[in-house]
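S.K.: Let me begin by handing over the structure; questions about it come next.
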Amino acid sequence: MSINPDLQGRSYPAAEVYDVGREKIREFAKAVKASNPAHFDVEAAKALGHSDLVAPPTFAIIVAQRADAQLVEDPESGIDFSRVVHADQRFTHHRAIVAGDRLVAELHVDGVRAMGGGAMITTRSEISTESGERVATTTSSILVRGEGQ
């Protein structure tokens, strides 16, 4: 199956809520070797003006990938995940992600470009709190290799 060019312009609504917890932040910070005390110690985070532990900037990928899964799992997309190569990831933060946030992400397919037998797909996840406050925007590009590539 080839990539559906009609994906461009499609949006996928925010799905389940992601609860940001202190231990999730600490584990992620350790995994990416982020050493700022505000990722581990509530008092250090509060000293910087935050209400609770602050997530490293790339923590937003956890929420964004949940949104991306809707596209990959959409039978109309034509995406065979075994043929996907991650090409680019960018983050724009509107405010810090902190423990206690309840986040959702709406996914937008901003571009589908044929490349040889495959396609480059660019998506944008708009991450917000459950109440609608904008938190981050992530932009991702994936290359879906064609048959024989």
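S.K.: Enumerate the amide H contacts of residue 21 below 5 Å, restricted to partners 5 or more residues apart or on another chain; note that Pro and chain-start residues carry no placed amide H.
M.R.: Placed amide hydrogens put 100 under 5 Å from residue 21.
S.K.: Enumerate the amide H contacts of residue 15 below 5 Å, restricted to partners 5 or more residues apart or on another chain; note that Pro and chain-start residues carry no placed amide H.
M.R.: Placed amide hydrogens put 105 under 5 Å from residue 15.
S.K.: OK, next. In the chain, carbon and sulfur make up what percent of the accessible area (probe 1.4 Å)?
M.R.: The C+S portion of the solvent-accessible surface of the chain is 51 percent.
S.K.: Further, regarding this structure: Note the per residue figure in Å³ for the convex hull of the C-alpha positions in the chain.
M.R.: Working: hull volume 16.1 nm³, N = 149.
Normalising the Cα hull of the chain by residue number yields 108 Å³.
S.K.: To continue, here is another question. Over the Cα atoms of the stretch 77-149, what Rg and Dmax result, in angstrom?
M.R.: 15.0, 46
S.K.: Nothing charged except the Cβ atoms of Lys and Arg (+1) and of Asp and Glu (-1): what's the magnitude of the dipole of the chain about its Cα centre? Round to the nearest 20 debye.
M.R.: The dipole magnitude comes to about 500 debye.
S.K.: Let me ask something else about it. Taking the chain as a Gaussian network, where each spring joins two C-alpha atoms under 10 Å apart, which residue of 25, 127, 97 fluctuates the most?
M.R.: Looking only at 25, 127, 97, the largest GNM fluctuation is found for 25.
S.K.: Just to confirm, what accessible area per residue do you get for the stretch 1-50 at 1.4 Å probe, in whole Å²? Numbers along the way, then the final one.
M.R.: Details: 3330 Å² over 50 residues.
Computed with neighbouring chains in place, this is 67 Å² per residue.
S.K.: Which residue, 128, 82, 11, tops the fluctuation ranking in a GNM of the chain built on C-alpha contacts under 10 Å?
M.R.: 82
S.K.: Specify the angular offset, from 0 to 90 degrees and rounded to the nearest 10, of the alpha carbon long axis of helix 60-73 from the longest principal axis of the alpha carbons in the chain.
M.R.: Computed tilt is about 30 degrees.
S.K.: Ranked from the most accessible area to the least, with a 1.4 Å probe and all protein chains present, what is the order of 81, 40, 59? Write down the numbers at each step before the final one.
M.R.: On the way: 81 135, 40 65, 59 0 Å².
Order by accessible area, largest first: 81, 40, 59.
S.K.: Follow-up question, since we're still on this one. With +1 on the Cβ of every Lys and Arg and -1 on the Cβ of every Asp and Glu, and nothing else charged, how large is the dipole of the stretch 62-149 about its Cα centre, in debye rounded to the nearest 20? Mind showing how you got there, number by number?
M.R.: On the way: 9 positive and 13 negative charges, 64 e Å.
For the stretch 62-149, the charge dipole is close to 300 debye.
S.K.: Run the numbers for residue 84 and residue 6: contour at 0.36 nm per residue of separation, minus the present Cα-Cα distance, in nm.
M.R.: Numbers: separation 78, 0.36 × 78 = 28.08 nm, distance 1.85 nm.
Using 0.36 nm per residue and subtracting the Cα-Cα distance, I get 26.2 nm.
The values are calculated or read from the model by the stated rules, or taken from the named source; none is laboratory data. All figures in this text were calculated on a predicted structure; none of them were measured in a lab. In this analysis, Cβ positions are derived from the backbone assuming ideal geometry, glycine residues included, and neighbour counts consider all displayed protein chains. Note: areas computed on protein heavy atoms with side chains; ligands, DNA, RNA excluded. Shrake-Rupley method; radii C 1.70, N 1.55, O 1.52, S 1.80 Å.
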